[in-house]
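K.L.:
Provided herewith is a single structure, encoded as structure tokens, for subsequent inquiry.
The values are calculated or read from the model by the stated rules, or taken from the named source; none is laboratory data. Predicted model, so just to flag it, every value in this text is computed and none were measured. Using ideal geometry, Cβ is built from the backbone for each residue, glycine included, and neighbour counts are taken over all protein chains shown.
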Amino acid sequence: MLHTRSIGELAETLRRREISSVELTRHYLERIESLDPALNALITKTAEQALLQAAAADRRLAGGETAPLLGIPLIHKDIFCTDGVRTSCGSRMLDNFVAPYDATVVARLKAAGAVMLGKANMDEFAMGSSNETSHYGAVNNPWDHGKVPGGSSGGSAAAVAARLAPFATGTDTGGSIRQPAALTGVTGVKPTYGRVSRYGMIAFASSLDQAGVIARSAADAAIVLQLMSGFDAKDSTSVDMPVPDYAAALGAPLQGLRIGVLKEFADGLEARNGALLGAALKVYRSLGAETLDVSLPSLPLSVPTYYVVAPAECSSNLSRFDGVRFGYRCKDAKNLQDLYERSRGEGFGAEVKRRIMTGTYVLSAGYFDAYYLKAQKVRQLITDEFRAAFERVDLLIGPTTPTPAFAIGAKIDDPVTMYLNDIYTIGANLAGLPALSVPCGFIDDLPMGVQLIGPHFSESRLLNAAHRFQLATDWHQRVPPGYE
Amino acid sequence: MMQDWEVVIGLETHAQLATKSKIFSGAATTYGAPPNSQASLVDLAYPGVLPVLNAEAVRMAVKFGLSIGAPIAQRSIFARKNYFYPDLPKGYQISQYEIPVVGRGALEIMLDDGTVKSVGITRAHLEEDAGKSLHEGLAHASGIDLNRAGTPLLEIVSEPDLRSAKEAVAYMKKLHTLVRYLDICDGNMQEGSFRCDANVSVRPRGQEKYGTRAEIKNLNSFRFVEKAIQHEVARQIELIESGGKVIQETRLYDSDKDETRAMRSKEEANDYRYFPDPDLLPLQIDAAFIEAVHRTLPELPDEKAARFSALFQLSAYDAGVLSASRELGAYFEAVVALTGAAHAKLAANWIMGELAGALNRDNLEIGASRLAPAALAGLLGRIVDATISGKIAKDVFEAMWREGGGADSVIAAQGLRQITDAGEIAAVIDAVIAANPKQLADYRAGKDKLFGFFVGQAMKATQGKANPAQLNLLLKSKLDGA
């Protein structure tokens, strides 16, 4: 079956001209057509453009060109601006917004010859952990349609898990790649902050947002990340450092690798989740790695810290959606104030408004020091503790999520419980560290993930560790029933 | 008894930096383009776009900092100033708040009595300008022009060191001279490239504590600065003396009515929710960069004035006038290079007198002078070598200004050469004396004042061409009874 092949295998099949990119693209478009109605993983399908891009890729292939993603289909999270294609960010605010330019990530993958099948559903403005805040409705988890796929990159993760595309892009501000990847049984990589350009990626919390990849394996993710990464003069926070050959780093033995087990995460873990982590540690030890306990005492402060910093930045980032130049504008505005209030009041959903209000509050005169400034200090503390830990260990390991996917509607009315879903993932964002989640087993027939966190710019090491794990296990090859 | 009030003024000056592109986008900054034709996706704050700092704007800010002897911050922070307004597309302005790029410096101004006063400059920071809202000519709507959005500004904040409207103007003019010397701002006040907000308060003389201040926004001419401050000072004093209290507020100056009026009070002011802009890294400036900028610093106005004074024995006032712009200073030096330093004072007088008058009359800048430095030097040369008198030289100057041509050709064509032949002058004097026997008798009887009458008659007879010194000498000896 075409859709069970890895990116490497597909590229080889295309190179040998056993199949054309147009045929491959059609295959995925047909899967989307028949399977997505039950999932709602895509907001916009771009079949026509996809076939044109596939035909162009076929011409390049016919010319003898070989490239790792040439002719390979993908789905972009609808947070990335795509020239001439609606870019909604999961919001009514941008329901009518057709981006006039490509995000750098989109442009790079386009230049690499990848074929865009459509734009993935997501939590509104990436604010959510269940994909339920989307203006376009919840996404159903392919493993159980009554369950959430996680979020905010819920559409991307569900699409890859359902084999609607070989890979998808995502963004991760507090776990938005890793958490949905874990809950849908796929591999999600959040690179180091600054590794991938944020240009054209609609901002939620600028100091935390990072683009990454959701794929079926670390090996596939390595290929994609290679082409997404690198310095971009259009993003001042992007880092001007050469991108290592990630694929070439795969396969290195793990002998002597020191893996720190995060005490703060392992303690109090639900028993079955703890057993999955224990099993993963066993795999790593069998591969020659050494595991040792590591404590980051400030790490439990990640969630409150995040829910000050991220809303503060979002309250300012989302000010540009004012009904004046693009996006939703209320009908019959009486005056300027009315235009602002109703355009924003009607254009944004409840969770976005909650965060804008929280953020406005923590930045206000009289509260700034107690909230924003204090949160920045804690953030620095957490960063310092990570740095100290990486003097003792090469990687850190822990669970990706506290529980498997929960029922749609179960937590949406309780923001604090919802926010605690990201308890294990937020730390890496606060410290700007690369992290990934790989499937590590099941609880109640629902997939679970184990998370690896590395020092800044250790993507090669992380991907290799994940790849070795996947060579020794087959969790990542499990396909949701009905999507084989 | 009337209270003696002391006026306290601080200025926040906005100098638009003369970069080709905007501070955070690649769009052009040219003034006067059709509305919204110079607004890129970044200026329009499209979803997903990011700011990238223009290095040229930083270079210009550093140049300014060095010119006022201020420390340059090795690390400064861009912050977001959050508020909603249609001409502010992002809903926040990127500015520098807690840590500005330029620290404390000073600028010297000359007061009316010739004394020099040092005015403290608290800081200068980089920020972006907003767009423009247009409320005229549109029915039931406002227009937004975002061409100006993102134009780089250097906000220069003075200490509350200024004590009168005149001092404020002198400071503003000095700053204006400086930024043009540095080539970092075109100084065009009509187009808004150089404008200021004035913080004005009054306090009883001798009191240490400042009075409550009002901020007058957006003054874009030296005259408006002076008039607005004068008006505001009078308003505050009148208010206090009639038992009222000044409240801290923002006021607008209406130049048509010559008054200021309240815009918004402190209570209504926005909470700008400043925080560091996470899209921009801290601005890091190393010693090598500062050193490189330092090497590009031109001779500064005060240095040039001091050199003129020392080298050419000019008064502080003359040196100040001639160094008011780089172009004027260069013109003066070009003239003096030809006349020689011994005649620098003559050159200075002519440039500040006849030439300035003619430029002013025809509304020309020194760079567009109809007399090149060599032409003026040629004219001065004829005064120095006594070919013509200073008085005739003014006529020659006018002819040169009107019709072009060198001094020599004008003098030759119009026969203006000075008469220096003693015999010729003596003959004229003899004729004048012979024609006025009564005046001669009166003069000799003691009416000394009549000397001037004889000079006038002799000059008239020579169409003013007689060498004045020779004429005086000869006339005196003849009248006194040769």
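K.L.:
Scanning for something under 17 Å from residue A:92 (Cβ atoms), within 12 Å of chain B (Cβ to nearest Cβ) and at pLDDT 95 or above, does segment A:361-379 turn up at least one residue?
P.N.:
No: segment A:361-379 contains no residue that is under 17 Å from residue A:92 (Cβ atoms), within 12 Å of chain B (Cβ to nearest Cβ) and at pLDDT 95 or above.
K.L.:
Given the residues B:478, B:449, which is the only one that is touching a residue at least 12 places away in the same chain (Cβ under 8 Å) and among the basic types (Lys, Arg)?
P.N.:
B:478
K.L.:
Count, please, the residues in segment B:345-367 that happen to be in a helix (DSSP H, G or I) and over 17 Å from the mean Cα position of the chain (by Cα).
P.N.:
The number of residues fulfilling the criteria is 11.
K.L.:
Looking only at segment A:119-148, filter to residues that are within 16 Å of the chain's Cα centre (by Cα) and outside any loop (DSSP other than H, G, I, E, B); which one of those is nearest to residue A:47 (Cα to Cα)?
P.N.:
Result: A:119.
K.L.:
Any residue at all in segment A:247-264 that is in contact (Cβ under 8 Å) with a residue 40 or more places away in the chain and within 21 Å of residue A:176 (Cβ to Cβ)?
P.N.:
Looking through segment A:247-264, at least one residue is in contact (Cβ under 8 Å) with a residue 40 or more places away in the chain and within 21 Å of residue A:176 (Cβ to Cβ).
K.L.:
If only one of A:408, A:453, A:426 is surrounded by 20 or more Cβ atoms within 10 Å (Cβ to Cβ), of a type outside the set (S, T, N, Q), out of contact with any helix residue (DSSP H, G or I) (no Cβ under 8 Å at 6 or more places or on another chain) and at pLDDT 95 or above, which one is it?
P.N.:
Result of the check over A:408, A:453, A:426: A:408.
K.L.:
Going by what's in this entry, would residue B:87 be described as of a type in the set (Asp, Glu) and more than 14 Å from chain A (Cβ to nearest Cβ)?
P.N.:
Answer is no for this residue.
Residue-by-condition table, conditions (1) among the aliphatic types (A, V, I, L, M); (2) crowded, with 19+ Cβ neighbours inside 10 Å:
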{"position": "B:120", "(1), (2)": "no, no"}
{"position": "B:123", "(1), (2)": "no, yes"}
{"position": "B:127", "(1), (2)": "no, yes"}
{"position": "B:141", "(1), (2)": "yes, no"}
{"position": "B:146", "(1), (2)": "yes, yes"}
{"position": "B:160", "(1), (2)": "no, no"}
{"position": "B:181", "(1), (2)": "no, yes"}
{"position": "B:190", "(1), (2)": "no, no"}
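K.L.:
Then there is this: Output the residue which, of all residues in segment A:87-108 that are away from chain B (no Cβ under 12 Å) and within 20 Å of residue A:152 (Cβ to Cβ), is surrounded by the most Cβ atoms within 10 Å (Cβ to Cβ).
P.N.:
Filtering segment A:87-108 for residues that are away from chain B (no Cβ under 12 Å) and within 20 Å of residue A:152 (Cβ to Cβ), the one surrounded by the most Cβ atoms within 10 Å (Cβ to Cβ) comes out as A:90.
K.L.:
Same structure, new question: Return yes or no: is residue A:179 under 18 Å from residue A:453 (Cβ atoms), within 14 Å of another protein chain (Cβ to nearest Cβ) and touching a residue at least 40 places away in the same chain (Cβ under 8 Å)?
P.N.:
Spelling it out, it is not the case that residue A:179 is under 18 Å from residue A:453 (Cβ atoms), within 14 Å of another protein chain (Cβ to nearest Cβ) and touching a residue at least 40 places away in the same chain (Cβ under 8 Å).
K.L.:
Output yes when any residue across segment A:201-216 is charged (D, E, K, R), within 14 Å of chain B (Cβ to nearest Cβ) and crowded, with 24+ Cβ neighbours inside 10 Å, and no when none is.
P.N.:
The answer is yes, given that some residue of segment A:201-216 is charged (D, E, K, R), within 14 Å of chain B (Cβ to nearest Cβ) and crowded, with 24+ Cβ neighbours inside 10 Å.
K.L.:
I would also like to ask the following. Looking only at segment B:137-156, how many residues end up being touching a helix residue (DSSP H, G or I) at 6+ places or on another chain (Cβ under 7 Å) and not β-branched (Val, Ile, Thr)?
P.N.:
So the count comes out to 2.
K.L.:
For segment B:440-482, how many residues are in contact with a Lys or Arg (Cβ under 8 Å, 6 or more places away or on another chain), assigned to a helix (DSSP H, G or I) and more than 28 Å from residue B:382 (Cα to Cα)?
P.N.:
Residues that pass the stated criteria total 1.
K.L.:
Only residues that are within 27 Å of the chain's Cα centre (by Cα), small (Gly, Ala, Ser) and away from chain A (no Cβ under 14 Å): list them for segment B:109-145, please.
P.N.:
Hits for segment B:109-145 are B:114, B:118, B:120, B:124.
K.L.:
So, one more: Among A:268, A:323, which is at positive phi and away from chain B (no Cβ under 12 Å)?
P.N.:
Details: A:323 fails: away from chain B (no Cβ under 12 Å).
After applying the criteria, what remains is A:268.
K.L.:
Go through (1) more than 14 Å from chain A (Cβ to nearest Cβ); (2) crowded, with 22+ Cβ neighbours inside 10 Å; (3) β-branched (Val, Ile, Thr) and name the single condition residue B:99 misses.
P.N.:
(2)
K.L.:
Go through A:224, A:239 for me and flag whichever is farther than 19 Å from residue A:123 by Cβ and in contact with a strand residue (DSSP E or B) (Cβ under 7 Å, 6 or more places away or on another chain).
P.N.:
Working: A:239 fails: in contact with a strand residue (DSSP E or B) (Cβ under 7 Å, 6 or more places away or on another chain).
When all the criteria are applied, what remains is A:224.
K.L.:
Being away from chain A (no Cβ under 11 Å) and within 22 Å of residue B:278 (Cα to Cα) is the filter here, so list the residues in segment B:38-58 that pass it.
P.N.:
Looking only at segment B:38-58, we keep the residues that are away from chain A (no Cβ under 11 Å), and these are B:38, B:54-58.
Correct list: B:54, B:55, B:56, B:57, B:58.
K.L.:
Run residue B:19 past the list (1) surrounded by 22 or more Cβ atoms within 10 Å (Cβ to Cβ); (2) away from chain A (no Cβ under 13 Å); (3) in contact with a Ser or Thr (Cβ under 9 Å, 6 or more places away or on another chain) and report the number of the one that doesn't hold.
P.N.:
With respect to (1) surrounded by 22 or more Cβ atoms within 10 Å (Cβ to Cβ); (2) away from chain A (no Cβ under 13 Å); (3) in contact with a Ser or Thr (Cβ under 9 Å, 6 or more places away or on another chain), residue B:19 is out only on (1).
K.L.:
Only one of A:254, A:225 is part of a loop (DSSP other than H, G, I, E, B), within 30 Å of residue A:68 (Cβ to Cβ) and more than 14 Å from chain B (Cβ to nearest Cβ). Can you tell me which?
P.N.:
Only one candidate passes the filter, namely A:254.
K.L.:
Go through (1) more than 26 Å from residue B:468 (Cβ to Cβ); (2) modelled with pLDDT under 90; (3) among the β-branched types (Val, Ile, Thr) for residue B:387 and report which single condition fails.
P.N.:
Only one criterion in (1) more than 26 Å from residue B:468 (Cβ to Cβ); (2) modelled with pLDDT under 90; (3) among the β-branched types (Val, Ile, Thr) is unmet by residue B:387, namely (1).
K.L.:
Still on this structure, please answer the following. In the set B:61, B:79, B:70, which member is surrounded by 18 or more Cβ atoms within 10 Å (Cβ to Cβ) and either within 14 Å of chain A (Cβ to nearest Cβ) or assigned to a strand (DSSP E or B) (or both)? Write out each step before concluding.
P.N.:
Working: B:61 fails: either within 14 Å of chain A (Cβ to nearest Cβ) or assigned to a strand (DSSP E or B) (or both); B:70 fails: either within 14 Å of chain A (Cβ to nearest Cβ) or assigned to a strand (DSSP E or B) (or both).
It is B:79.
K.L.:
Residues being surrounded by 14 or more Cβ atoms within 10 Å (Cβ to Cβ), among the hydrophobic types (A, V, I, L, M, F, W, C) and within 27 Å of residue A:219 (Cβ to Cβ): count how many of those fall in segment A:248-274.
P.N.:
Taking segment A:248-274 and keeping what is surrounded by 14 or more Cβ atoms within 10 Å (Cβ to Cβ), we get A:249-250, A:252, A:254, A:257-266, A:269, A:272-274.
Subsequent filtering for residues that are among the hydrophobic types (A, V, I, L, M, F, W, C) retains A:249-250, A:252, A:254, A:257, A:259, A:261-262, A:265-266, A:269.
Now restrict to residues that are within 27 Å of residue A:219 (Cβ to Cβ): A:249-250, A:252, A:254, A:257, A:259, A:261-262, A:265.
Summing the residues that are surrounded by 14 or more Cβ atoms within 10 Å (Cβ to Cβ), among the hydrophobic types (A, V, I, L, M, F, W, C) and within 27 Å of residue A:219 (Cβ to Cβ) in segment A:248-274 gives 9.
K.L.:
Inspect segment A:446-464 for any residue being closer than 23 Å to residue A:139 by Cβ, touching an Asp or Glu at 6+ places or on another chain (Cβ under 8 Å) and in contact (Cβ under 8 Å) with a residue 24 or more places away in the chain and give the result as yes or no.
P.N.:
yes
K.L.:
Report yes if residue A:298 is in contact with a helix residue (DSSP H, G or I) (Cβ under 6 Å, 6 or more places away or on another chain), over 30 Å from residue A:67 (Cα atoms), crowded, with 17+ Cβ neighbours inside 10 Å and within 14 Å of chain B (Cβ to nearest Cβ), otherwise no. Before the answer, list the steps.
P.N.:
Numbers: in contact with a helix residue (DSSP H, G or I) (Cβ under 6 Å, 6 or more places away or on another chain): yes; over 30 Å from residue A:67 (Cα atoms): yes; crowded, with 17+ Cβ neighbours inside 10 Å: yes; within 14 Å of chain B (Cβ to nearest Cβ): no.
No; evaluated as a whole, the condition is false for this residue.
K.L.:
Kindly evaluate residue A:320 against the criterion of being surrounded by fewer than 18 Cβ atoms within 10 Å (Cβ to Cβ) and at pLDDT 95 or above.
P.N.:
Criteria not met by residue A:320.
K.L.:
Under 7 Å by Cβ, and 6 or more places apart or on different chains, what pairs join a residue from segment A:96-110 that is touching a residue at least 12 places away in the same chain (Cβ under 8 Å) with one that is among the acidic types (Asp, Glu) and surrounded by fewer than 19 Cβ atoms within 10 Å (Cβ to Cβ)?
P.N.:
A:99/A:83; A:100/A:83; A:101/A:83; A:102/A:83
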